[in-house]
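A.B. asks: I have a structure here, written as structure tokens, and I will follow up with some questions on it.
The values are calculated or read from the model by the stated rules, or taken from the named source; none is laboratory data. Everything numeric in this text was worked out from a predicted model, so none of it was measured. Reconstructed Cβ throughout: ideal geometry from the backbone, glycine too, with neighbour counts over all protein chains shown. Surface accessibility is based on the protein's heavy atoms, side chains included, excluding ligands, DNA and RNA. Shrake-Rupley method; radii C 1.70, N 1.55, O 1.52, S 1.80 Å.
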Amino acid sequence: MSTAISWTTGVSPARTPAVQEIARVLSQVPDPEIPALSIIDLGIVREVHGDRVIITPTYSGCPATLYIEQSIRGALNDAGLAHVRIETTLSPPWTSDWISDEGREKLRAYGIAPPPKGAANASLRNDTHAQCPRCGSMNTAEISRFGSTPCKALWRCNACAEPFDRFKCH
Amino acid sequence: MAALAPLSTYALRLGDDALILGQRLSEWCGHAPTIEVDLSLANLALDLIGQATHFLGVAGDADKLAFHRDALDFSNCLLVEQPNGDFAQTMARQFLFSTFQELHLHALASSKDERFAAIAAKAVKEVAYHRQLSSDWVVRLGDGTEESRARMTAGLDWMWRFVDELFQMDELEAKLAKGGAGVDKSELRAEWDRRVDAVLAEATLARPASRRPVLGGRRGHHTEHLGPLLSQMQFLQRAYPGAVW
Ligand SMILES: [Zn+2]
């Protein structure tokens with residue numbers, strides 16, 4: 001694994017310049033549904049290993065899956081990395097715990113309350129109150145557990161009266 | 001259709017359950033009582049169709065299997081093809097199925113077959129949401145107004161005949177379960193009963209009376225409701241074979 005970067009184990013082994021270059025390109029690929037975040041921020045990229053990029057879908061039926069793969073292909077090709085292969089894996093299943101700390105900050109700044117950490121242990125830990133991404137109040141309430149995309153729930157803030165999205169704990 | 005290997009047949013059954021229920025739920029799109037419910041049902045449908053794509057992909061070419069088979073070749077359980085009826089009937093069906101599907105997928109996540117284990121481990125997290133949403137509605141409508149209670153009671157009555165089939169085992173699935181790739185669904189019944197009874201109690205509803213179970217979906221013997229569903233779902237690929245976006 002000396003030439004790999006993994007985003008799931010928290011391990012950052014020695015990186016070759018080639019792998020670093022692939023990682024740099026991937027960090028420029030936005031998520032189509034939340035363009036403020038890159039696919040690396042979201043934890044969709046699992047690993048870069050030699051000339052293989054391994055990705056995983058967030059949800060089984062995520063309609064953006066194909067689009068994301070095409071975006072990665074395009075970005076790699078544009079960077080002269082047409083030889084790099086993209087592989088998809090389902091296991092282990094994606095969890096919102098893989099969203100990076102940087103990604104969580106970007107979500108908040110974008111107006112989406114980030115998910116609480118620890119989802120991997122309890123997939124339905126949505127009972128903790130979300131913090132309003134606009135005014136910071138914890139006086140909030142869930143409107144619907146299903147929102148405009150599979151990964152978001154609808155909430156409202158009782159303090160500033162604004163509705164907001166919360167990234168689902170998953 | 002040519003005979004499939006046992007694992008493919010099992011994948012087909014799992015995929016057909018998810019596909020047909022996903023298609024049924026998508027019929028609500030734009031028609032649900034509120035925008036939040038509309039979004040919820042569309043999300044459930046999306047999850048299920050995604051799961052179907054994965055399971056059917058184990059059995060063969062997912063698109064061909066979805067769009068180029070006739071009713072007799074579908075092996076979904078009869079519960080999932082039942083009509084939406086009103087919102088209460090849809091939630092009754094979802095509650096009974098999601099409670100079962102969650103138990104089934106949870107067990108399947110330990111399958112010796114890596115493909116089944118991976119799909120199940122991913123899907124079970126999604127289905128937990130489906131079970132929770134539908135349970136909430138069973139309670140809300142059951143323990144609601146006189147009318148909502150009557151509708152939920154009628155919805156559960158409609159669907160109850162199709163419950164036994166969920167846990168039915170045949171020789172093929174028994175062999176797979178014994179070998180560690182599949183799940184002995186009959187062993188899930190006690191826990192299903194416990195969970196369903198707990199929600200019904202919270203909803204102050206009585207368990208529907210036992211009736212003669214209706215069986216046959218796994219062998220392609222479907223109710224009259226599957227055909228019209230397929231004719232809508234398959235229309236485009238039937239009219240323009242191989243059409244792509
Ligand atoms: Zn606020």
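A.B. asks: Report the residue count in segment B:7-21 for those that are buried (at least 23 other Cβ atoms within 10 Å of the Cβ) and either farther than 18 Å from B:Val124 by Cβ or facing chain A (nearest Cβ under 8 Å) (or both).
C.D. replies: Looking only at that region, the number is 3.
A.B. asks: Looking at (1) under 20 Å from B:Tyr129 (Cα atoms); (2) within 16 Å of the ligand (Cβ to nearest atom); (3) more than 10 Å from chain B (Cβ to nearest Cβ), find the lone condition where A:Cys157 falls short.
C.D. replies: So A:Cys157 meets the others, but not (1).
A.B. asks: Hey, could you check segment A:133-154 for residues that are β-branched (Val, Ile, Thr) and open to solvent by 10 Å² or more (accessible area, probe 1.4 Å) and say which is nearest to the ligand (Cβ to nearest atom)? Spell out the reasoning first.
C.D. replies: As a first pass, look at segment A:133-154 and keep what is β-branched (Val, Ile, Thr): A:140, A:143, A:149.
From what is left, the residues that are open to solvent by 10 Å² or more (accessible area, probe 1.4 Å) are A:143, A:149.
Values: A:Ile143: 14, A:Thr149: 21 Å.
That would be A:Ile143.
A.B. asks: Exactly one condition in (1) of a type outside the set (Asp, Glu); (2) under 14 Å from the mean Cα position of the chain (by Cα); (3) surrounded by fewer than 16 Cβ atoms within 10 Å (Cβ to Cβ); (4) within 16 Å of the ligand (Cβ to nearest atom) is false for A:Leu107; which is it?
C.D. replies: (3)
A.B. asks: When B:Leu200 is evaluated against the numbered criteria (1) surrounded by 15 or more Cβ atoms within 10 Å (Cβ to Cβ); (2) out of contact with any His (no Cβ under 9 Å at 6 or more places or on another chain); (3) assigned to a loop (DSSP other than H, G, I, E, B), which criterion, by number, is the only one it fails?
C.D. replies: Here B:Leu200 meets the rest and fails (3).
A.B. asks: Is it the case that A:Asp78 is away from chain B (no Cβ under 11 Å), under 14 Å from the mean Cα position of the chain (by Cα) and either more than 14 Å from the ligand (Cβ to nearest atom) or among the charged types (D, E, K, R) (or both)?
C.D. replies: Values: away from chain B (no Cβ under 11 Å): yes; under 14 Å from the mean Cα position of the chain (by Cα): no; either more than 14 Å from the ligand (Cβ to nearest atom) or among the charged types (D, E, K, R) (or both): yes.
Judged against the criteria, A:Asp78 is not a match.
A.B. asks: While we're looking at this one, here's another question. In segment A:160-170, how many are open to solvent by less than 20 Å² (accessible area, probe 1.4 Å) and within 14 Å of the ligand (Cβ to nearest atom)? Before you say what the answer is, go through the steps one by one.
C.D. replies: Filtering segment A:160-170 down to residues open to solvent by less than 20 Å² (accessible area, probe 1.4 Å) leaves A:164, A:166-170.
Retained after the next criterion (residues that are within 14 Å of the ligand (Cβ to nearest atom)): A:164, A:166.
Qualifying residue count for the region: 2.
A.B. asks: Among the candidates B:Arg131, B:Arg115, single out the residue that is under 30 Å from B:Gly57 (Cβ atoms), open to solvent by 50 Å² or more (accessible area, probe 1.4 Å), touching an Asp or Glu at 6+ places or on another chain (Cβ under 6 Å) and not hydroxyl-bearing (Ser, Thr, Tyr). Write out each step before concluding.
C.D. replies: Working: B:Arg115 fails: touching an Asp or Glu at 6+ places or on another chain (Cβ under 6 Å).
Only one candidate passes the filter, namely B:Arg131.
Matching residues to (1) within 14 Å of chain A (Cβ to nearest Cβ); (2) more than 16 Å from the chain's Cα centre (by Cα):
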{"residue": "B:Arg69", "(1), (2)": "no, yes"}
{"residue": "B:Cys77", "(1), (2)": "no, no"}
{"residue": "B:Glu81", "(1), (2)": "no, no"}
{"residue": "B:Ser98", "(1), (2)": "yes, no"}
{"residue": "B:Gln101", "(1), (2)": "yes, no"}
{"residue": "B:His104", "(1), (2)": "no, no"}
{"residue": "B:Val124", "(1), (2)": "yes, no"}
{"residue": "B:Val138", "(1), (2)": "no, yes"}
{"residue": "B:Thr145", "(1), (2)": "no, yes"}
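A.B. asks: Based on this model, can you work out whether B:Ala32 counts as surrounded by fewer than 23 Cβ atoms within 10 Å (Cβ to Cβ), hydrophobic (A, V, I, L, M, F, W, C) and in contact with a Ser or Thr (Cβ under 9 Å, 6 or more places away or on another chain)?
C.D. replies: On the way: surrounded by fewer than 23 Cβ atoms within 10 Å (Cβ to Cβ): yes; hydrophobic (A, V, I, L, M, F, W, C): yes; in contact with a Ser or Thr (Cβ under 9 Å, 6 or more places away or on another chain): yes.
Spelling it out, B:Ala32 is indeed surrounded by fewer than 23 Cβ atoms within 10 Å (Cβ to Cβ), hydrophobic (A, V, I, L, M, F, W, C) and in contact with a Ser or Thr (Cβ under 9 Å, 6 or more places away or on another chain).
A.B. asks: Against the definition (surrounded by 15 or more Cβ atoms within 10 Å (Cβ to Cβ), among the aliphatic types (A, V, I, L, M) and more than 16 Å from the ligand (Cβ to nearest atom)), how does A:Leu90 come out, yes or no? If you could, list the steps in order and put the result at the bottom.
C.D. replies: Numbers: surrounded by 15 or more Cβ atoms within 10 Å (Cβ to Cβ): yes; among the aliphatic types (A, V, I, L, M): yes; more than 16 Å from the ligand (Cβ to nearest atom): yes.
Taking the combined requirement at face value, the residue satisfies it.
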